[in-house]
Amino acid sequence: MSTATPPAPAPVSSAPVANYDKGLANTIVADTQMSFIDGAKGVLEYVGIDIDTLARKSTYEETVYLLWNTKLPSETELDALKSALRAEYEIPQGLYEMIRGMPKDAVPMHALRTLVSALALHDPEADTDGIEASKRKALRLVAKTPTLIANFDRYRSGKEFVRPNTSFDIATNFLWMLNGEKPTDAMSRGLDICLILHADHGLNASTFAARVTIATLSDLYSAMTTAVGTLKGPLHGGANEEVMVMLDEIGTMDNVDAFINGKLERKELIMGFGHRVYKAYDPRATYLKTFAQQIATDTGNLRLFEMSQRIESIVLDAKAGKGIFPNVDFYSATTYHCLGIKTDLFTCMFAMSRMSGWCGHCIEQLQDNRLIRPQAKYTGPHDVAYV
Ligand code: SDX
């Protein structure tokens, strides 16, 4: 046993006084070059390009390239990304077996979180460090997530698996696998636009969670597992499902006023409204509102859109003065419903798109990393006797 005197403790550094910011609403923890949000003006840009322009003119694959490379691709660069993604659409046979072992009534976001995590078991590069390996894993995750979601739904519906079709883009391929038939161009384009709108959004809760995970130098699959689990919450990505549940519960236009006024009187949250950053109309909701009206008209679901409009009108009368407006989830609910997506798959659709933003943020984090470890204010006792 050494008798040497232990070295004197290092002097406590004059650490800056920590500030208390519950919910981190006023704390910047990273730089990003991917999305810019002006919450007061209701502006969202991906790498400086307005989200409305991208929704109208871009595609999900082009948007993924933009987010990951902070510039739009040339035609050759876009074709190369599309080919690389399509080469990774297929999932390992073990994942199909895993889906077969799942309860048919499993909550889809539980299934997705589990399957995303399991992808690591079949990727020899799962624990390969470095930016280039992470970019290859990001490609696999974006390419394979649609296959996981669609084939889980096929299985739970008692249908045969449908393998991915590498001649289709991501949106078309998803609907092909989900329904077992090629979708119309309008349906493909509708989903493609939803994927563009949901791809990235600054340091939202699930993106922050992913950054915390990758900042420990854990692997990208672990970070994506964290992100899927975080998105599931009804205060975050889970809200789109709750909006559809609310619309179904209301049922008809005649019930809207009493239902919504009742919730407001009871000070209950109205799903699809409010936002930590936007204190104006969420520009994604602006686009989706117009799109929802069109697709609801085309698919005989105008009732849903009209009910949504009435809900918006009542909530804005009561809450716009407090900066509460529709967010991305309010009209995406009607849109996904009109695209034939089951309600309990809505948040999986969000995850499918946001996989690109999450991976992009993890690669940004690795390029300028520091372990993310905030403080907690101790409010417990001191000098307690040990009995
Ligand atoms: C997403 O961060 C992102 O970027 C997320 C996202 C992304 O792309 O990643 O944009 C996606 O998650 C959109 C948000 C989806 N969530 C919902 O629609 C759930 C309903 N919304 C609320 O839970 C709420 O608006 C939050 C959680 C989204 C934001 O809440 P904050 O910033 O913590 O604000 P708060 O809860 O402190 O609310 C301030 C006041 C409160 O009233 P008071 O206590 O001051 O009297 O506004 C009220 C709240 O009660 N309020 C609402 C409301 N949202 C806020 N009242 C009724 N209905 C609502 N929806």
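Read-outs: derived from the displayed coordinates by stated rules, not from any lab. Treat the numbers as computed from the prediction; the structure is a model and nothing was measured. Heads up, the Cβs are rebuilt from the backbone with ideal geometry, glycines too, and the neighbour counts pull from every protein chain shown.
Things worth noting here:
- Dipole magnitude of the stretch 239-338, debye to nearest 20 (Cβ charges: Lys/Arg +1, Asp/Glu -1, about Cα centre): 460 debye
- Binning all Cα-Cα separations of the chain at 20 Å, short to long from zero, yields these whole-percent fractions: 26, 54, 16, 3, 0.
- 5 Å-binned pair-distance histogram of the stretch 115-214 (Cα, whole percent): 2, 11, 17, 20, 20, 15, 11, 4, 0
- Choice from Leu24, Leu316, Leu119 showing the highest fluctuation, given a GNM over the chain with Cα pairs closer than 10 Å: Leu24
- For Ala80 and Ala186, a Förster radius of 25 Å and the Cβ-Cβ distance give a FRET efficiency of 0.35, rounded to the nearest 0.05.
- Ratio Rg/Rh [Cα only; Rh per Kirkwood] for the stretch 1-160: 1.14
- Footprinting exposure proxy for Ser222, Ser74, Ser58 (fewest neighbouring C-beta atoms within 10 Å first): Ser74, Ser222, Ser58
- Dipole of the chain computed with +1 at Lys/Arg Cβ and -1 at Asp/Glu Cβ about the Cα centre; of Ala186, Cys362, Ile270, farthest Cα towards the positive end is Ile270.
- DSSP loop trypsin sites (Lys or Arg not before Pro) with at most 14 other Cβ within 10 Å excluded, longest remaining stretch of the chain: 160-265
- Normalised by residue number, the volume inside the convex hull of the Cα atoms of the stretch 319-365 is 98 Å³ per residue.
- Ignoring lysines fewer than eight residues from Lys82 along the same chain, the ones with Cα atoms less than 21 angstrom from its Cα are Lys57, Lys71, Lys135, Lys137, Lys144, Lys182.
- For the stretch 239-338, fraction of C-alpha pairs farther apart than 16 Å, in %: 51 percent
- Descending Cα extents along the principal axes, the stretch 270-387, whole Å: 69, 38, 30
- Loop GluC sites (Glu not before Pro), the stretch 114-189, which have at most 13 other Cβ atoms in a 10 Å radius of their Cβ (DSSP): Glu160, Glu181
- Within straight-line cross-link reach of Lys342, aspartates and glutamates at Cα separation under 19 Å, skipping those fewer than 8 residues along the same chain: Asp105, Asp153, Glu160, Glu181, Asp192, Glu241, Glu242, Asp248, Glu249, Asp298, Asp329
- Cα gyration tensor, the stretch 173-328 - rounded (a/c under 1.5), prolate or oblate: oblate
- Size of charge dipole - the chain - debye, nearest 20, with Cβ of Lys, Arg +1 and Asp, Glu -1, no other charges: 520 debye
- Relative contact order [Cα under 8 Å, 6+ residues apart], the stretch 239-338, whole percent: 45 percent
- Paramagnetic label reach from Leu24 (point 7 Å along Cα→Cβ; backbone nitrogen cut-off under 18 Å): within the stretch 346-360, residues 355, 357-360.
- The slack between Ile49 and Asn261, meaning 0.36 nm per residue of separation minus the straight C-alpha distance, is 72.5 nm.
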